[in-house]
Amino acid sequence: MSLAVRFDDIRKDFGPVRVLHGVSFELTPGRIYGLLGENGAGKSTLMKILAGYEAATTGTLLIDGQAQQFASSREAEAAGIVLIHQEFNLAEHLSIAQNMYLGHEKRRGWLLDDAAMRAEATRYLAQVGLKKPPDTKVRELIVAEKQMVEIAKALSRNARLLIMDEPTATLTPSETERLFALMTKLKAEGVTIIYISHKLDEVEHITDEVIVMRDGRFVARGATAGLARQQMANLMVGRDVSDMFPDKAAVAADALVALKVEGLVVPDWVEQLSFEVRAGEVLGFAGLVGAGRTEAFEAILGLRRRSAGRIEIGGHAVEVKRPLDAMRHGLTYLSEDRKGKALHVNLNLQDNLTLMTLEQYAHPLLDLKAGRVALKQAVADFGIRTGDLSSRARMLSGGNQQKLALAKFLQPRPNVIVLDEPTRGVDVGSKRDIYFLIHRLAAQGRAVIVISSELIELIGLCHRVAVMRAGRLQATLDLDHLTEEELIAHATGTH
Ligand SMILES: Nc1ncnc2c1ncn2[C@@H]1O[C@H](COP(=O)(O)OP(=O)(O)OP(=O)(O)O)[C@@H](O)[C@H]1O
Ligand SMILES: [Mg+2]
């Protein structure tokens, strides 16, 4: 059942760029390993080599002492190695069950055995706690649900070594608990698990040992019990990262109301939502998945139908039918779904960055040089790690895609900035950079709204936090009442 892995001097080059510089370490079966490292450190790349999605340029992968070179993920899966991708790999137009068995269809004679696939899918969905019929189309699922489908799909492959690349980035605490229970059960059955996450509290909670990578190299490993969270963070970043949050500058008493929403109704999602945010203010939105936060802002931006609601930007009532109208009024929204909605992963970095502000670069011919300058500036400002400025967005590591998305949505220089899960998948050092950036934007007189599932982030960052539950605004907590207990009580309705 169990499976031992050894990486021996693994190198990986993408064209002229070396991203793994000779990585060596080994994994004992039946343990849960945390794999840590900054955005772009090479975690996903190393795991793709292990799972047959990429080939090492040089070096050897040994499985149970045997050198192995998987030609495809199918070969790796046949050897019991399954990777759950950081970025989802689902076909949107297919159903949950079809996705789970794509390429692994069950057959009865020559025919597809749909009934068997549906029945088995239902069983795995129950294990991960997703309450959706297996016939549901994937495009109808929210991000957290897609993540659960990915996990269910991996379970159906009977892995002996399971690699989870940031599986909880989109999950709620209770879904995460369920996943951890599942991981503990798999471990007891002898499955080795490699768990990649930037959530160090979870790493501390669930892993037996951590392995740290930096800049494409192995730097350290150690028993989780013997490492404090701060030590893990410092090892990853290679320097001390304390003081995560900037000081909160007071919002001027006479600051203008930058965005005011009154009586917003989004059918099936949001009931009578009213709030306002002032220039210089950082307003948080807390709530469980499904509370309607994302849906409310999608409706405000015209991405989703609203049946009532009045929107004022800078003191004037505005008509927003689509995101472009919002942008013209100085309001932008960075979606939590970076691959689906925020970036065009097949376009290059520059085209992504300048897409919302093309007018600035067209006089009348597209000024590519100016775009290039803007890209260089963004790469420096946001600390985007890329070996190659002309690469496509899909080549960036997950956290670096998030930084690019942020840069893109700030290009139009909006006055009201709505960021939906802005630090998802971002490493500790870069998180701190983003927090400081948010406060710089506020200090310039912009209003920033942060939707986040990380309570510590909301508490550390925001002047006030609005809490939603089941489509309604439950409370708005000011600085004096901003505690985890209060937020949880309002979000869960136990107040
Ligand atoms: N197909 C590719 N072509 C070119 N460069 C790539 C490709 N895939 C990854 N890279 C580069 O390899 C480096 C390592 O990326 P990787 O995705 O392994 O990082 P990571 O540690 O998983 O980061 P994150 O925490 O952000 O997910 C990055 O600089 C990335 O841009
Ligand atoms: Mg990654």
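The values are calculated or read from the model by the stated rules, or taken from the named source; none is laboratory data. Values in this document were obtained by computation on a predicted structure and should not be read as measured data. Here the Cβ positions follow ideal geometry from the backbone for every residue, glycine too, while neighbour counts run over all protein chains shown. We work out accessible area using only protein heavy atoms, side chains counted, and drop any ligands, DNA or RNA first. Shrake-Rupley method; radii C 1.70, N 1.55, O 1.52, S 1.80 Å.
The Cα trace of the chain gives Rg and Dmax of 23.1, 75 Å, the first to one decimal, the second as a whole number.
Using the heavy atoms of the protein chains and a 1.4 angstrom probe, tell me the accessible area per residue for the chain in square angstrom.
Details: 21530 Å² over 495 residues.
For the chain, the solvent-accessible area averages 43 Å² per residue.
Between Lys341 and Lys369, 0.36 nm times their residue separation minus their Cα-Cα distance comes to what? Each step should come with its number before you reach the end.
Details: separation 28, 0.36 × 28 = 10.08 nm, distance 2.65 nm.
Stretched out fully, the Lys341 to Lys369 stretch lengthens by 7.4 nm.
Around Arg472, with a cut-off of 12 angstrom between Cβ atoms, what is the net charge of the other residues, counting Lys and Arg +1 and Asp and Glu -1?
Details: positive: Arg293, Arg469; negative: Glu271.
Overall, the nearby charge balance is +1.
Temperature 4 °C, viscosity 1.567 mPa s: under these conditions the Stokes-Einstein estimate for region 5-237, based on its Kirkwood radius over C-alpha pairs, is 71 µm² per second.
Highest mean packing comes first when the peptides 421-429, 239-247 are listed by Cβ atoms within 10 Å, giving 421-429, 239-247. Think of each Lys and Arg Cβ as +1 and each Asp and Glu Cβ as -1; about the Cα centre, that makes the dipole of the chain roughly 1060 debye.
Loop-located GluC sites (Glu not before Pro) in region 308-353 (DSSP state not H, G, I, E or B) with no more than 13 neighbouring Cβ atoms inside 10 Å: Glu319.
I need the per residue convex hull volume for region 257-492, using only the alpha carbons, in cubic angstrom as a whole number.
In region 257-492, the Cα hull volume divided by residue count equals 119 Å³.
Could you tell me how far the Cα centroid of region 304-360 sits from the Cα centroid of region 431-465, in Å? If we compute the Cα centre of each part, the gap is 19 Å.
For Asp478 and Leu111 in the same chain, what is the full-extension length gain: residue separation times 0.36 nm, less their Cα-Cα distance, in nm? Walk me through the numbers on the way to the answer.
Details: separation 367, 0.36 × 367 = 132.12 nm, distance 6.12 nm.
Stretched fully, the Asp478-Leu111 segment lengthens by 126.0 nm.
Taking the longest Cα principal axis of the chain as reference, the axis of helix 398-410 is set at about 20 degrees. Summing +1 for each Lys or Arg and -1 for each Asp or Glu among the other residues whose beta-carbon sits under 11 angstrom from that of Glu105 gives +1. For region 106-125, the residues whose amide N sits under 16 Å from a probe point set 7 Å from the Cα of Lys185 along the beta carbon direction are 120-125.
The C-alpha atoms of the chain define a longest principal axis, and helix 114-128 lies at about 70 degrees to it. Scalar couplings 3J(HN,Hα) for region 473-478, obtained by applying the Karplus form with A = 6.51, B = -1.76, C = 1.60 to θ = phi - 60°, are 7, 8, 6, 10, 8, 9 Hz; x denotes Gly and Pro.
I want the local charge near Pro412. Using Cβ-Cβ distances under 14 Å, sum +1 for each Lys or Arg and -1 for each Asp or Glu among the other residues. Before the final figure, lay out each step's value.
Details: positive: Arg328, Lys408, Arg413, Arg446; negative: Asp325, Glu359.
For residues surrounding Pro412, the net value is +2.
Helix 428-443 and the longest principal axis of the Cα set of the chain meet at an angle near 10°.
Given only helices, namely DSSP H runs of n ≥ 4 each adding -39500 (n - 2.57), what is the per-residue ellipticity at 222 nm of the chain, to the nearest 500 deg cm²/dmol? Don't jump to the answer; show the numbers that get you there.
On the way: 17 runs with 163 residues, N = 495.
That calculation yields -9500 deg cm²/dmol at 222 nm.
For the chain, the carbon plus sulfur part of the accessible surface works out to 50%, probe radius 1.4 Å.
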